[in-house]
1. Could you work out the mean count of beta carbons from other protein chains within 10 Å of each residue's beta carbon in B:89-99?
2. Taking a spot 7 Å from the Cα of A:Val629 along the direction of its beta carbon, which residues of segment A:474-507 have an amide N less than 15 Å from it?
3. What nm distance separates the two modelled labels at B:Gln50 and A:Ala201, each placed 7 Å from Cα along Cα→Cβ?
4. Working out 0.36 nm times the residue gap between A:Val171 and A:Val62, then minus their Cα-Cα distance, what length gain in nm do you get to one decimal?
5. Report, as an integer, the average count of C-beta atoms from other chains found within 10 Å of each Cβ along A:388-400.
6. Using DSSP H assignments, which helices in chain A have an axial alpha-carbon span of 20 Å or above and a mean Kyte-Doolittle hydropathy of 1.6 or higher?
7. Note the direction-averaged projected area, equal to a quarter of the hull surface, for the Cα convex hull of the protein assembly as shown, in nm².
8. Around B:Val87, under 14 Å between beta carbons, what's the net of Lys plus Arg minus Asp minus Glu among the other residues?
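Coordinate-derived values only; no laboratory data. Here the structure is a predicted model, which means the values were calculated and not measured. Neighbour counts are summed over all protein chains in view; Cβ atoms, including those assigned to glycine, are modelled from backbone coordinates with ideal geometry.
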Amino acid sequence: MIPELGHYALALAAVIAFTQCFLPIWGAYRRDARLMGAAGPLAVAQLLALAVSCFALVYSSVVSDFSVTNVYENSASTKPLVYKITGAWGNHEGSILLWALILALCGVAVTLRGGGLPSSLRARVIGVLGGTSAGFLLYAVLLSNPLLRTWPAPAEGQGMNPLLQDPGLAVHPPILYLGYVGFAVPFAFAVAALLEGRIDAAWGRWVRPWALLSWCFLTCGIALGSWWAYYELGWGGYWFWDPVENASLLPWLTGTALVHSAIVVEKREALKIWTVLLAIGTFSLSLSGTFLVRSGILNSVHSFANDPDRGVFILGLLAIVIGGSLVLFAWRAPKLAEGGLFAPLSREGALVLNNLFLVSIATVVLIGTMYPPFADLLFGAKISVGAPFFQATVLPLVVPLIAAMTIGPVLAWKRAQLGPALLRLWWVALIALAVGSFAAVGWKLLPGIAFGGAAWLIVGSLAEIAERIRLFRLPFGQSLARLGGISPAVWGSAVAHAGFGVTVAGIAAMSLATSVVVSVPVGSVQHVAGYDWKLVSLETLPGPNYISREATIDVTRDGKLIAVMRPARHSFTSQQQTTTDTAIHTMIYADLYAVLGDESGGDAVLRLHYNSGAPLIWLGGLIMALGGVASLLDRRLRVGAPARRRTVTATA
Amino acid sequence: MKRKYRRLWLVGLCLTGLGSAVGLSLLAFRQNVIFFVTPSGLVQQGTPGQVFRLGGLVQSGTLKRADQDGSSVAQFQVTDGVKTVEVTYRGILPDLFREGQGVVALGSLDEHGGFQASEVLAKHDENYMPPDVEAALKKLGYWNPATGQKPPPASTWNALLAKSKGNS
């Protein structure tokens, strides 16, 4: 009964979404206040219907109702409760339902927070969100319905992929999706503005918080995903340039560009058309990323042959959403008013440069990700591009980006002079140069350059704050008092840039990590990176739905015990699969990382890593997201706050 | 500066950016494209040092551990039913690695005709086959999508190989 209710609610949500698309947009065109007013209630109704549908799926999974095909295929009665709940969105059908739920949530958020919007813009934004939702709900109902029944009901489910039974992966999809789907709101604003034919500074002020919020979630989501790969896959790496990862990186890159270009729209009413294009592009990349990856098309064009209906429907939907919005852009963009003027050397100019580098990086990542499947499709060539390709193309573009990231914030709006700006940063450059050359001489050239870049970013952010409070130029007490007067937007940019610096430092340090693979008996000692790793014992232990083979390793340094590590291998009974349970001892500046391999003749294979800088990579991501949150607190960005025009521009 | 020149400057900058992105990609493609080969392909066209992705089935009963320069390596044979290549991998084999099932190894040939792998992937369960292995099977005629049949389950690949040996 419950699954049928959910099924019905899903179909209802699809119908509501179609209405939510059609009525408000038509109303805005006809200037009919009653039709436009329907937008809000419809968005709420759609969310309620989807919530019922999601509840039905989670409920079926929790009570192990194997007559529901999706539960049968992805769950088992022995699975721990938490994974029964999170497993509901761990598969293709469930994840699309989650996707639609978040999109509906965005519609309601715009309804609730958009009180200050002009009524026609608000109706159009909600209408566009409804239209996007409608397409994917139709897909869910017709081709990827998670609530279909199977008869007769099997006694036991097939179980969930053990790799996915992990707390990190339980929270990763919702956060990543909040990021992906959140960009639907800037997209809807962009399309609504094109329909409206008008963009002004206020538009920028409405769009930026949404873009920023999605960006924060996406940043956290990517960091979580990378962390999961690091500890769960047990390969000791954090980024594999795999199509799935690239699909999340692409909207992040253009989203970062969007967050910056929206500042220019808001402050200077320039770059308007470009910002609209970025908003459309970012959501298009999120959309194609999720669906191409989720449907497996990106991994191999052959999966098309396995499931042609889904593939054709998804491609058609992507073509309508992306193609339609781009056609609308080409048609309406020339009508948008000219933007403000600025000199090449100015804050705006620096932000243009930032956008240019970010979009160029996105372009090379896109080429590297899409070329292999297309080469296969067009020339039948089975090729792949790995990390070397991405390093060779991304690195040359990141270096100038980092150089510009610290200079940009000290330039004045409209027209700036490079001399005084660089004069303010000479000591930062000196520190960065010292750190860089020290690291380059001590270790290797490339990490050295990266360490220099990290110092340039972190110290540059500190310098920015120090400059604002006139540190050492005013008495210390007065400087401290000025600290409270700095606007959240400035804190945000300084913190986010420093966070990127921390990530860069982590990546640089990680390239100096050391590891060994050994096959040793119990009692033997290995020396890795100045630590002594002693294999103390090997035991077999029972787990909830697996049997665990666990090694105990005592790690000592100069005779002092640093950590007891217990890497293990879990054999899952229901799938006849094994997973690796990596043991990690983190010291913030570095990780000790141990993996247990197979055993033969009393010897166990161990892989022992000293991963310098690894935690910094994700810590930096978290700091970046915190910077985004700080920026969100700026009252000038708060939607619904009185739209006062630039009263305190000096702090910007 | 006049509006026209400012716009010209912006357009120029954008073209430079996109141009450098495309240029960098093309340059990197020349050096970093990795071709996928089956053992037969590797034996035919592989030159020592060139990086390939080698896809095939792990020959049953060939997996062993050995010591090489003080570190433990895994050795196994990868076959496509026609040719067999000895693969050496310094590291821990993935959890899903099984004898008789599909595997993709990234690495290059050494002077002795062995394959030194830096990465080994075995992303599959009983019903899933890595796309590359699927392509290899198709190429060798074990499986033809045009007939509409599903690819053979992984558990039967051993038998397929045994059959092919009988034929050759």
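1. Numbers: counts 1, 4, 8, 13, 3, 5, 14, 4, 2, 1, 0.
The mean count of partner-chain Cβ atoms within 10 Å per residue comes to 5.
2. Only A:492-493, A:495-496, A:499 fall inside the zone, counting backbone N under 15 Å.
3. 6.1
4. Details: separation 109, 0.36 × 109 = 39.24 nm, distance 1.73 nm.
Result: 37.5 nm gained on full extension.
5. On the way: counts 6, 8, 2, 2, 7, 11, 3, 1, 5, 4, 0, 0, 1.
Mean shielding by partner chains, rounded to a whole number: 4.
6. Working: long enough: A:2-30 (41 Å, 1.00); A:39-62 (34 Å, 1.78); A:92-113 (31 Å, 1.53); A:119-142 (34 Å, 1.22); A:167-182 (23 Å, 0.89); A:201-232 (45 Å, 0.47); A:243-268 (37 Å, 0.47); A:272-294 (33 Å, 1.27); A:347-379 (45 Å, 1.28); A:387-407 (30 Å, 1.81); A:426-442 (24 Å, 1.95); A:445-468 (34 Å, 1.18); A:488-510 (32 Å, 1.30); A:614-632 (28 Å, 1.82).
For chain A, where a helix must reach 20 Å along its axis and average at least 1.6, the hits are A:39-62, A:387-407, A:426-442, A:614-632.
7. 37.8
8. Numbers: positive: B:Arg53, B:Lys64, B:Arg65, B:Lys83, B:Arg90; negative: B:Asp80, B:Glu86, B:Glu99, B:Asp110, B:Glu119.
So the surrounding residues net to 0.
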